[in-house]
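Reading through the structure tokens given below for one structure.
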Amino acid sequence: MKILIADDHPLFRTALSQAVEQNFDHPELVMVGSVEELEATLGTHDDADLLLLDLNMPGARGYSALVQARSVLPALPVIVVSAYEDADVARAALDHGAAGFIPKSAPPETMAAAMMEVLEGGTWAPEGVDQAPGSDFADKLALLTPQQQRVLVMLTDGLLNKQIAIDLGISVATVKAHITAILRKLNVHTRTQAVIAARSLEIDWARYAREKPDAPE
């Protein structure tokens, strides 16, 4: 059993690893603390059995890390483990391809039950979260390569093709090719439509901070 843990809080990485070790026989644990580290790890651990993913890591924007993980390893089940326990966040995580959603406040036995359910091919979410299949937009996002996802995020930031090319170290022609592929895969016709669609990747962290002042940044 190989389980990847992606969380930028060392204490919670430790807590998650302990929960895993208490419920699985000699698991192999691989821990990372940023989206950049996660991307590298997915490329070298394509035999992983499960990914436990915090949404709010350095380099992440909303559900982008989840979508990226699905695009790199589509068969890898992902459980989002988050301090933000709003049912809307949980539902959106499932819509973007997560197999499960565990609040960080959940007791170890609940985490264990969720992991077992997902590893057996099921889905898991807290009581009250609708687990029925959502829209097919998550499946469309999962078709984007990691580089196309980066380009899409940069488009939402309002960057021009030349700026995207400089930031990614590629040619403007390559950027245009990526944008053409993005439009086709998302089944939209303009950059503006693609940007509007990409807004579903965003989470209003500031709103959650106002509603839950004790939530981690």
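The values are calculated or read from the model by the stated rules, or taken from the named source; none is laboratory data. All figures in this text were calculated on a predicted structure; none of them were measured in a lab. Backbone-built Cβ (ideal geometry, glycine too); neighbour counts: all protein chains shown.
Remarks
- Any hit, the stretch 111-125, residues being part of a loop (DSSP other than H, G, I, E, B), buried (at least 17 other Cβ atoms within 10 Å of the Cβ) and of a type outside the set (Val, Ile, Thr): yes
- Residues that are in contact (Cβ under 8 Å) with a residue 24 or more places away in the chain and hydroxyl-bearing (Ser, Thr, Tyr), drawn from the stretch 17-55: Ser34, Thr41
- Condition met for Leu144 (buried (at least 16 other Cβ atoms within 10 Å of the Cβ), closer than 23 Å to Glu37 by Cα, modelled with pLDDT under 85 and not assigned by TED's automatic domain parsing to the domain that holds Pro74): yes
- Test result for Leu152, part of a helix (DSSP H, G or I), assigned by TED's automatic domain parsing to the domain that holds Tyr63 and either surrounded by fewer than 19 Cβ atoms within 10 Å (Cβ to Cβ) or touching a helix residue (DSSP H, G or I) at 6+ places or on another chain (Cβ under 9 Å) (or both): no
- Residue, modelled with the lowest pLDDT, within the stretch 155-186, restricted to residues that are surrounded by 14 or more Cβ atoms within 10 Å (Cβ to Cβ) and in a loop (DSSP other than H, G, I, E, B): Leu159
- Selected residue (only one of Pro58, Pro74 is farther than 16 Å from Ile102 by Cβ and touching an Asp or Glu at 6+ places or on another chain (Cβ under 8 Å)): Pro58
- Residue in the stretch 97-115 that is under 21 Å from Leu141 (Cβ atoms), modelled with pLDDT under 90 and of a type outside the set (Gly, Ala, Ser) present: no
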